[in-house]
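Participant: Could you have a look at this structure, given as structure tokens, before my questions?
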Amino acid sequence: MLTQEIHILLDTLRRLNRRGASANLRKILHKTHPADLATLFRYFTEQERREIFPLITDKHHASEVLSEMDDSLRAELINQLTREQVIELFSEMATDDLADILGLLPDDLSAEIVSLMEPENSDELEVILGYPEDTAGGIMIPETFSLNEEISASRAIEILQQSEQSEMAFYVYVVDEDRHLKGVCSLRQLLLVNPQTKLKEFMTTQVVSVLPDTDQEEVARLVGRYNILAIPVVDADNHLLGIVTVDDIIDVIREEATEDFLQMAGAGRDREILLKSTFEESKLRFPWLFATWIGGIVASLIVSSFSDLLREVVALAAFMPIIAGMGGNIGTQSATIVIRGLATGRVNIREAWKVILKEFRVGLILGVSYGIALSIIVNLIYHTSAITVGLVVGLGICFVMIISTLVGSFAPLLLDRLNVDPAIATGPFVTTSIDILGLLIYFSIALLLL
């Protein structure tokens, strides 16, 4: 639904809610797609959400809306429902979505809800909840459509038609008697082969699979690399545990990209920061800005320590902003390129020196180019001054840009090696360190030459 349509629908629902036109509200809510309703709930006030959500009387529709919502809104609405209403909604949900929601709730409430559910569903839930939420096991669907390798194609089609899980059957996973994953075949293959052909005779034996503790980012990379709609999750003995479907992968990509953008901007990593209150958002952003604040104090101390030099050559102060700005910008560029390369697999940590060397060459070319240009401009502006000032500024920006590319490219690689999210490399930590290094280099050159 387009943004304009969303706003029109939002105004309509609010107007009907104020008038108490529950019957009309129910009709519109029932006809609106769950994803669109989830978007609308972001704009409703807490009171409006509390009044409107119970009007979604179709429990399957309501469960889909809840599945599409932001985490904070899910938790808010669930806390307003009775245990019976929660169980009724949860019984309509896919197991992986349900596991995500239960992870938001307090442990005692989550355990109570699981204990009230049907044994079959609760067992599957406990399996998923046993894995970290950002791993393949935490986002997989246990209800996997799999068939024995000895079954014929015609029999497989019959079972598929009768199965309640057929809506998730992107592929038919082929297993042996002990549920070891042996191969996979597409629905197209199933329809085109001779009906009497056994699955093991035409299945693809080279199956791309992941372990349950595989990070969700790696799962997303594999799905993207091999252009598949689902990826099986197996244990260490190759027993089929479940599948991760492409819709979950899209969510993973969106979540991880949002986290990376926030960290790169130095705004924390909470994906729902826009839904936080003013105080909560300030609290989240405070520690990230603290690094910049400390860096600013250190930079000011560096400047004050060269105060005698600045009094003698006032022109040096005029070019401090461009030194810091160019260093910060080129460092951020290098860090962003490397982070993206790590995320897409184009940068290999084992050949990190090649990336660093390339960024060094880029920094050298750009540094020399801007250094010469700035030297000429300085001498044109301060034509009565000694030519040394232009040389200092030119060398300063040249060396600062070279060092910044090295820091910007090395920091993400080091963090990735230490199993720390490299996205923080473009946040306040690296930009502040570049500012400090830049000023030190600039004034050191000035001290040597002047």
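The values are calculated or read from the model by the stated rules, or taken from the named source; none is laboratory data. These numbers were taken from a predicted model, which means no experiment stands behind them. Glycine gets a Cβ as well: all are built from the backbone with ideal geometry, and neighbour counts include every protein chain shown.
Participant: From the residues in the stretch 125-146 that are in contact with a strand residue (DSSP E or B) (Cβ under 9 Å, 6 or more places away or on another chain) and outside any loop (DSSP other than H, G, I, E, B), which one is surrounded by the most Cβ atoms within 10 Å (Cβ to Cβ)?
Facilitator: Filtering first and then ranking leaves A136.
Participant: Here's another thing I want to ask about it. Taking the conditions exactly as written (surrounded by fewer than 16 Cβ atoms within 10 Å (Cβ to Cβ), under 29 Å from L104 (Cα atoms) and either modelled with pLDDT under 85 or not small (G, A, S) (or both)), does E272 satisfy them or not?
Facilitator: So E272 passes the test.
Participant: Determine which single condition T205 fails, assuming it passes every other condition in (1) touching a Leu at 6+ places or on another chain (Cβ under 7 Å); (2) among the hydroxyl-bearing types (S, T, Y); (3) free of Cβ contacts under 8 Å to residues at least 60 places away in the same chain; (4) outside the structural domain of A75 (by TED's automatic domain parsing).
Facilitator: Against the list (1) touching a Leu at 6+ places or on another chain (Cβ under 7 Å); (2) among the hydroxyl-bearing types (S, T, Y); (3) free of Cβ contacts under 8 Å to residues at least 60 places away in the same chain; (4) outside the structural domain of A75 (by TED's automatic domain parsing), T205 comes up short only on (1).
Participant: Here is a follow-up. Going through the stretch 1-50 one residue at a time, which ones are within 16 Å of E76 (Cα to Cα) and surrounded by fewer than 16 Cβ atoms within 10 Å (Cβ to Cβ)?
Facilitator: Across the stretch 1-50, the qualifying residues are Y43, T45, E46, Q47, R50.
Participant: So which of L415, L447 ends up being under 30 Å from L310 (Cα atoms) and among the aliphatic types (A, V, I, L, M)?
Facilitator: Going through L415, L447 in turn, the sole match is L447.
Participant: Just to check your reading of the model, which residue among L77, L73, L81, L105 is within 27 Å of the chain's Cα centre (by Cα), outside any helix (DSSP H, G or I), closer than 22 Å to E46 by Cβ and of a type in the set (A, V, I, L, M, F, W, C)?
Facilitator: Within the list L77, L73, L81, L105, the selection yields L105.
Participant: Looking only at the stretch 392-447, how many residues end up being within 16 Å of A315 (Cα to Cα) and free of Cβ contacts under 8 Å to residues at least 60 places away in the same chain?
Facilitator: So the answer is 4.
Participant: If we scan the stretch 386-401, do we find a residue that is closer than 30 Å to L222 by Cα, in the same structural domain as T292 (by TED's automatic domain parsing), modelled with pLDDT of 90 or more and crowded, with 16+ Cβ neighbours inside 10 Å?
Facilitator: For the stretch 386-401, residues closer than 30 Å to L222 by Cα, in the same structural domain as T292 (by TED's automatic domain parsing), modelled with pLDDT of 90 or more and crowded, with 16+ Cβ neighbours inside 10 Å: absent.
Participant: Still on this structure: Against the condition modelled with pLDDT under 90, hydrophobic (A, V, I, L, M, F, W, C) and crowded, with 19+ Cβ neighbours inside 10 Å, how does L190 come out, does it pass?
Facilitator: Yes, satisfied.
Participant: Out of R83, R42, R50, R74, I need the residue that is assigned by TED's automatic domain parsing to the domain that holds T12, touching a residue at least 60 places away in the same chain (Cβ under 8 Å) and not small (G, A, S). Which one?
Facilitator: Criteria check complete, one pass: R42.
Participant: Then there is this: Please go through (1) modelled with pLDDT under 80; (2) of a type in the set (D, E); (3) outside any loop (DSSP other than H, G, I, E, B); (4) surrounded by fewer than 18 Cβ atoms within 10 Å (Cβ to Cβ) for E92 and return the number of the only condition it doesn't satisfy.
Facilitator: It is condition (3) that E92 fails.
Participant: Could I ask something else about it? Every residue in the stretch 147-174 that is in a loop (DSSP other than H, G, I, E, B) and at pLDDT below 85, please.
Facilitator: S163, E164, Q165, A169, F170, listed by residue number.
Participant: Also: Mind listing whichever residues of the stretch 305-317 are within 16 Å of I441 (Cα to Cα) and assigned to a helix (DSSP H, G or I)?
Facilitator: Within the stretch 305-317, S305, S307, L309, L310, L316, A317 meet the criteria.
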